[in-house]
Amino acid sequence: METAVIHKGYDSAVHHDSLAAPLYQTSTFSFETAEEGENRFAGEKAGNIYSRLGNPTVRILEERMAEIEYGEGALAFGSGMAAVSAILIHTTKAGDHVLCSRGIYGCTFGLLEMMEEKYKITHNLVSMTTEEEIEQALRPETVCIYLETPINPTMEIVNLEAVMAVAKKHNLRYCR
């Protein structure tokens, strides 16, 4: 794991044999031709386009995180709320329900309230200490279980084994 954290996703030969991955402090990238730029923006050709969509420095971080977490991939965001928003917006649609751990960050709660008001995506909060409690809180329109652990500021821990068992049993996504 220590080697993966240091080296995964990076080829020093492409970067003048520098051992450390460079920080690409650029917002835009150049293209050999206008057609190449057009193809990249259309998603027809791989390559960097614009740093808000990804850049080599972020890609290395994502590859290393996936490796050390034994994941298929990873996404890095500029803030925790950006990550939470992206996951919840991607996972839900109007009429869906999100089951949440009782203790969630205030801004996450605000996002869920806004999603309910604007998009009719409902949610409810449970402590998630037992499988039975979690099962009872499910609704037919539940599409995911969202939790934050340890809970800030109480440091309460959610029973991840119970959440995973229920999520798998009901074929639900789980976000943490």
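Within region 128-167, the only residue that satisfies the criterion of being of a type outside the set (Asp, Glu), open to solvent by 50 Å² or more (accessible area, probe 1.4 Å) and touching a strand residue (DSSP E or B) at 6+ places or on another chain (Cβ under 6 Å) is Arg139. Output the residue which, of all residues in region 101-124 that are of a type in the set (A, V, I, L, M, F, W, C) and at pLDDT 95 or above, is farthest from Ala83 (Cα to Cα). Across region 101-124, the extreme among qualifying residues is Ile121.
Only one entry in His90, His170 is open to solvent by 20 Å² or more (accessible area, probe 1.4 Å) and touching a residue at least 24 places away in the same chain (Cβ under 8 Å), namely His170. Filtering region 25-84 to residues that are charged (D, E, K, R), open to solvent by 90 Å² or more (accessible area, probe 1.4 Å) and either touching a residue at least 24 places away in the same chain (Cβ under 8 Å) or under 28 Å from Met1 (Cβ atoms) (or both) leaves Arg52, Arg59, Glu69, Glu72.
The values are calculated or read from the model by the stated rules, or taken from the named source; none is laboratory data. These numbers were taken from a predicted model, which means no experiment stands behind them. FYI the Cβ positions are ideal-geometry reconstructions off the backbone, even for glycines, and counts take in every protein chain you see. Areas reflect the complete protein model, heavy atoms only, side chains present, ligands, DNA and RNA absent. Shrake-Rupley method; radii C 1.70, N 1.55, O 1.52, S 1.80 Å.
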